[in-house]
1. Quick one: what pairs do we get from the range A:165-178, first residue more than 12 Å from ligand 1 (Cβ to nearest atom), second in a helix (DSSP H, G or I), C-beta under 6 Å, 6+ apart or different chains?
2. Condition test on A:VAL183, is it assigned to a helix (DSSP H, G or I), closer than 30 Å to A:SER2 by Cα and more than 14 Å from chain B (Cβ to nearest Cβ)?
3. Contact list please: Cβ distance under 6 Å, first residue in the range B:22-48 and at pLDDT 90 or above, second residue open to solvent by 50 Å² or more (accessible area, probe 1.4 Å) and of a type in the set (Lys, Arg), pairs at least six apart or on different chains.
4. Anything in the range A:71-91 that is part of a loop (DSSP other than H, G, I, E, B) and either more than 7 Å from every other protein chain (Cβ to nearest Cβ) or of a type in the set (D, E, K, R) (or both)? List them, or say none.
5. Would you point out which residue out of A:VAL84, A:VAL94, A:VAL32, A:VAL90 is closer than 23 Å to A:PHE168 by Cα and in contact with a Phe, Trp or Tyr (Cβ under 6 Å, 6 or more places away or on another chain)?
6. For the range A:25-43, what are the residues that are more than 13 Å from ligand 1 (Cβ to nearest atom) and among the aliphatic types (A, V, I, L, M)?
7. So which residues in the range A:208-224 are within 14 Å of ligand 1 (Cβ to nearest atom) and part of a strand (DSSP E or B), if there are any at all?
Amino acid sequence: MSLVDVRNVWKRYPGKTVLENVRLEVDEHEFVTIVGASGCGKTTFLRMLLGEVEPCQGVIEIAGERLVPEPRADRGVVFQRYSVFPHLTVLGNVLLGLEFADSRVLGRTFGRRRRLAVDRAEAMLDRVGLLSSASNYPSQLSGGMQQRLALAQTLITEPSILLLDEPFGALDPGIRTDMHSLVRELHRELGLTVFMITHDISEGFSLGSRLLVFDKPRLDPHEPDLYGATITFDLPVGNRPDLDSVVENLNVT
Amino acid sequence: MRLLNRRPGNIGVVASAATPFVLALVVYVAASGVRLAENPDDKLLPSLVTVGEAIERVALTPDRRTGDYILWTDTAASLKRLFIGVGLAAAVGLAVGVPNGLLPWFGAFFSPWVRAMSMIPPLAILPILFIVFGIGELAKVMLIVLGTAPFLMRDIEQRVRELPREQLVKAQTLDGTTWQITLRVVLPQVLPRLVDGVRLSLGSAWLFLIAAEAIASTDGLGYRIFLVRRYLSMDVILPYVVWITLLAFLLDFALRRVNRRCFPWYGV
Ligand SMILES: Nc1ncnc2c1ncn2[C@@H]1O[C@H](COP(=O)(O)OP(=O)(O)OP(=O)(O)O)[C@@H](O)[C@H]1O
Ligand SMILES: [Mg+2]
């Protein structure tokens, strides 16, 4: 059974169809990259997986259960912007998920439990290379650091699915490459299933194990909003675990 | 260099800021001198000496009847009303504005109501307040609350709605409950905005305070101004007005400091 099962999903807004008849099955540990023209409904699709937007028609199942239309802890997310909390320090941002889990009433932990949480958060910050900025506020970080913080904050609660909406769209190319290797490593280490939207086709090809192209199969030139987009291509690509080991072997020799 | 690129230096900033104040004082002294030369009993523009004597009378000499220093007891009475009134309004603003902005069902019930209530001119219902609450402290405080709370409720509601949708989604993916998200994500971000809202509403709070004191009171800065008006005592009214202005300025300054000190992440 596949982890994510999208069956004949439609999304319409008044006067326009955004997505039509989207079908997709994704297994655990896959790294799915999503490309498509601007405005074709990629973010809408991601927000449906998130539970923030409800399909008008069709079913989304995760691990065999129908998706509750509400964001849940099994699906972490990083947006292009606004993913971190400006009023919390870097450490505070990463602690938040742990504190939510630990204290239902105050949403805050104290004493020994807090020290344990801080240890975990610091280990996570170290993993993404932000430990030295732990006491800074997000506004004092660069764009790339903010996105790494957003990753750390999301991953601390151990989601099984990671949803990324153009997370590196605003970063310059050098930093983007660093982020690629980070995401690729985290994907492998934590056994995540990743969905990542990107505008950068080469990113789509190199980073993922599977590339989805969203496009409109039918287009009425007089009424472009009449038909919606769907998955027109579904390709196995670059970063496949089986290929990875081959590449590593090549590097060694 | 273009005019829009020329800036005053450090000394220039202070000097430019002080100039209009000094000028106003000079104009006043000159005008007062002219009028007093014509009629030494003129009350409209008392000389600085007369004003100084009046200040000494109200601020530094105990009142013959009560033994109080009038300016200080007036100030204490007024500030107490102002603080209680604005404090209550801020609490109400938070308690109604946050759920109005965050919870669709709550907002559906109360948001239109708040909008309608905020259209009532508070001074128009001042007589009702006096009838309902008597002419004691409560009515005066209530006028300030009713005068400033609607603005604060709407302002806070708006600020909560302005929080990026992404943040609330993110907090939910971290498994936060509505209550936890309110407590850890919404409230801390709204507090500095509340302080800003309070700063903005202090102006009308003073207005309602002075209006209420003018109509029904036995002490307070507004009461005093309207009392001595009967004797055309400009020598008392003018320092009182300056004093009220100074208090208002200091309050605004203090609140700005509070924001910078308590919420270092805000507005950077
Ligand atoms: N709440 C809404 N009401 C009406 N139309 C909407 C709404 N949300 C999205 N849309 C429409 O749905 C379409 C798809 O939007 P979406 O954000 O999913 O595109 P996208 O593929 O992510 O584009 P981009 O690559 O520019 O981010 C757009 O045309 C947008 O106008
Ligand atoms: Mg998008």
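1. Correct list of pairs: A:PRO167/A:GLN147; A:PHE168/A:ARG176; A:PHE168/A:MET179; A:ALA170/A:GLY143; A:LEU171/A:GLY143; A:LEU171/A:GLY144; A:ILE175/A:GLY144.
2. On the way: assigned to a helix (DSSP H, G or I): yes; closer than 30 Å to A:SER2 by Cα: yes; more than 14 Å from chain B (Cβ to nearest Cβ): yes.
Yes, satisfied.
3. B:LEU45/B:ARG35
4. Pass one, the range A:71-91, residues part of a loop (DSSP other than H, G, I, E, B): A:71-74, A:79-89.
Within the range A:71-91, A:ARG72, A:ASP74, A:GLN80, A:ARG81, A:VAL84, A:LEU88, A:THR89 meet the criteria.
5. Values: A:VAL84 fails: in contact with a Phe, Trp or Tyr (Cβ under 6 Å, 6 or more places away or on another chain); A:VAL94 fails: in contact with a Phe, Trp or Tyr (Cβ under 6 Å, 6 or more places away or on another chain); A:VAL90 fails: in contact with a Phe, Trp or Tyr (Cβ under 6 Å, 6 or more places away or on another chain).
Criteria check complete, one pass: A:VAL32.
6. Selection gives A:VAL26, A:VAL32.
7. Within the range A:208-224, A:LEU212, A:VAL213, A:PHE214, A:ASP215 qualify.
Matching residues to (1) assigned to a helix (DSSP H, G or I); (2) within 14 Å of chain B (Cβ to nearest Cβ); (3) open to solvent by 10 Å² or more (accessible area, probe 1.4 Å):
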{"site": "A:GLY129", "(1), (2), (3)": "no, no, yes"}
{"site": "A:SER139", "(1), (2), (3)": "yes, yes, yes"}
{"site": "A:GLN147", "(1), (2), (3)": "yes, yes, yes"}
{"site": "A:LEU163", "(1), (2), (3)": "no, yes, no"}
{"site": "A:LEU171", "(1), (2), (3)": "no, no, yes"}
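The values are calculated or read from the model by the stated rules, or taken from the named source; none is laboratory data. Predicted model, so just to flag it, every value in this text is computed and none were measured. As a convention, Cβ positions derive from the backbone with ideal geometry for all residues, glycine included, and neighbour counts pool all protein chains shown. Note: accessible area is taken over every heavy atom of the protein model, side chains too, but ligands, DNA and RNA are not part of it. Shrake-Rupley method; radii C 1.70, N 1.55, O 1.52, S 1.80 Å.
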